[in-house]
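**Student:** First, the structure itself, so that you have it in front of you.
The values are calculated or read from the model by the stated rules, or taken from the named source; none is laboratory data. Bear in mind the structure is a predicted one, so any value in this text is a computation, not a measurement. When we count neighbours, we look across all protein chains shown, and the Cβ atoms used for this are built from the backbone with ideal geometry, even at glycine.
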Amino acid sequence: MDILSNQGFLKNMFLKDPGTRHQTQIARQCFDLLELIVITVDPKGNITFINKGAGDILDYNDNNLLGKDFVGNLVPYNEQEKIRSYLTGFLNNKSCNTLNILTQLRASDNENRFIDAQFIKISDNHDNLLGTLVCGKDVTGHICRQHDLQNDIDLYRALLNKLPEINVFVFDKDLRFILTEGAEMKIAGFSKDDFLGKTVSEISDKRIKKIWTPLFYQAVRGEDAETEHNIGKNYYLIRVSPLRGIDNDIHYGLAVIRNITSEKKSEKSVPGPKTEIILKNEVSPKPYNLYHLKKMSGNDKAFVNKTIKLFIENSETAVRNFRQMLEEKKWKQIGETAHKILPSYRHLEVDTVIDKLVEIKTRTLIDHQTGEVSKLVEETIDEIEKVTTELQNEISE
């Protein structure tokens, strides 16, 4: 039985007759077994029940919330007016019994959790409102991964504006394309519509599908891989890598495709054995590691230089923003800036800055320890400036 779609069962949550107390207890015990947030709210908007799942996710004891206003106590302050408006419209609409929204609920430590929520209107046999059942799944981790991915996408798009010979594809664990960027696709006779939203198995070009599919599988398994192939008269180098989140789990794969036709022609025009540059991913004595960048570009100096310059520009902008926000005590914006620039520092493995950015994000958006954040931001600025100064020396002519 799907208890969330069974109105007769759900009514048990709101029965007050002493003779039905046993039914109510059974219903509540069932909801305690679900790994979901389940909260019941009376017609006045006050909480009458909060299940174990909600208590665990939000870190609340139900005794602290019973009888209190649902919106006022669990919805973040900046979302309260919107949620009250949604609920008022929902409860007044007699033709609508369910409302599905992505919302946020405030945990006991003031950290917001993203909830894929369903509001279910419960009425008696005479259509009198008994209350509202709020149930949902905690999707905070998924939302954070989406934000991290969007930061990666923004970085790639900025990079591709300066590197027209590069194509970038990001795909999920089902090998479905969620990002396709680069002007080189048009030269090769493709458009974004040939890839975006489709899986690699749905690519119309059977030869590319045969070459790319095993590579993409390697990426989502956590492996780096590469190969060369031609499309018409042009030759391409494709390199794939896993994209990991803060939790170090693999959520996406990255494919970077570069036109190497001119390099192939140069190889043919130069007699003698081919000289191959072999890169080794050794522990770098420097505060960053350019191995993955050089590998992705085939050690192309122009590509490496442009990427480093873009990294330095973005870092200098972040430093200016940090200083201004610090002066104005805009703690939330500081945390959001730290979150936004994290991906680029991960790409270059700048561990001294990564750790500080993660800590800034945690303290500003969760702990609100402003005194410690001020010191931490200053230390981060110093580290960023050291890294960018040293990176300047990496730019070769």
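**Student:** With the structure loaded, tell me whether Phe322 is of a type in the set (Phe, Trp, Tyr) and under 30 Å from Thr261 (Cα atoms) or whether it fails that test.
**Tutor:** The answer is no for Phe322.
**Student:** Can you tell which of Asp172, Asp193 is of a type outside the set (Val, Ile, Thr), at pLDDT 70 or above, under 22 Å from the mean Cα position of the chain (by Cα) and under 30 Å from Tyr236 (Cβ atoms)?
**Tutor:** None of the others qualify; the one that does is Asp172.
**Student:** Scan the stretch 182-203 for residues that are part of a loop (DSSP other than H, G, I, E, B), in contact with a strand residue (DSSP E or B) (Cβ under 6 Å, 6 or more places away or on another chain) and among the hydrophobic types (A, V, I, L, M, F, W, C) and jot them down.
**Tutor:** Matches in the stretch 182-203: Ala188, Phe195, Leu196.
**Student:** Of the residues that make up the stretch 226-236, is at least one loosely packed, with under 15 Cβ neighbours inside 10 Å and over 16 Å from Ile260 (Cβ atoms)?
**Tutor:** No: the stretch 226-236 contains no residue that is loosely packed, with under 15 Cβ neighbours inside 10 Å and over 16 Å from Ile260 (Cβ atoms).
**Student:** Under 9 Å between Cβ atoms, which residue pairs at least 6 apart in sequence (or on different chains) link something in the stretch 36-48 that is on the phi > 0 side of the Ramachandran plot and aromatic (Phe, Trp, Tyr) with a partner that is surrounded by fewer than 19 Cβ atoms within 10 Å (Cβ to Cβ) and modelled with pLDDT of 85 or more?
**Tutor:** Qualifying pairs under 9 Å: none.
Conditions (1) in a strand (DSSP E or B); (2) modelled with pLDDT of 80 or more; (3) buried (at least 16 other Cβ atoms within 10 Å of the Cβ); (4) under 24 Å from the mean Cα position of the chain (by Cα), marked per residue:
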{"site": "Thr20", "(1), (2), (3), (4)": "no, no, no, no"}
{"site": "Gly67", "(1), (2), (3), (4)": "no, yes, no, no"}
{"site": "Phe90", "(1), (2), (3), (4)": "no, yes, yes, no"}
{"site": "Asp109", "(1), (2), (3), (4)": "no, no, no, yes"}
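**Student:** For the stretch 201-225, how many residues are within 15 Å of Val170 (Cβ to Cβ) and more than 22 Å from the chain's Cα centre (by Cα)?
**Tutor:** Qualifying residue count for the region: 2.
Matching residues to (1) under 19 Å from Lys386 (Cα atoms); (2) assigned to a loop (DSSP other than H, G, I, E, B); (3) modelled with pLDDT of 90 or more; (4) not assigned by TED's automatic domain parsing to the domain that holds Glu165:
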| residue | (1), (2), (3), (4) |
| --- | --- |
| Asn321 | yes, no, yes, yes |
| Leu326 | no, no, no, yes |
| His339 | no, no, no, yes |
| Arg346 | yes, no, no, yes |
| Val353 | yes, no, yes, yes |
| Ile360 | yes, no, no, yes |
| Leu365 | no, no, no, yes |
| Glu372 | no, no, no, yes |
| Lys375 | yes, no, no, yes |
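**Student:** Checking Met1 against (1) surrounded by 15 or more Cβ atoms within 10 Å (Cβ to Cβ); (2) outside any helix (DSSP H, G or I); (3) at pLDDT below 85: exactly one of these is not met. Which one?
**Tutor:** All conditions are met except number (1).
**Student:** Residue check, Thr317 against (1) at pLDDT 85 or above; (2) buried (at least 17 other Cβ atoms within 10 Å of the Cβ); (3) of a type in the set (S, T, N, Q), all met but one. Which one?
**Tutor:** Among (1) at pLDDT 85 or above; (2) buried (at least 17 other Cβ atoms within 10 Å of the Cβ); (3) of a type in the set (S, T, N, Q), the lone unmet condition for Thr317 is (2).
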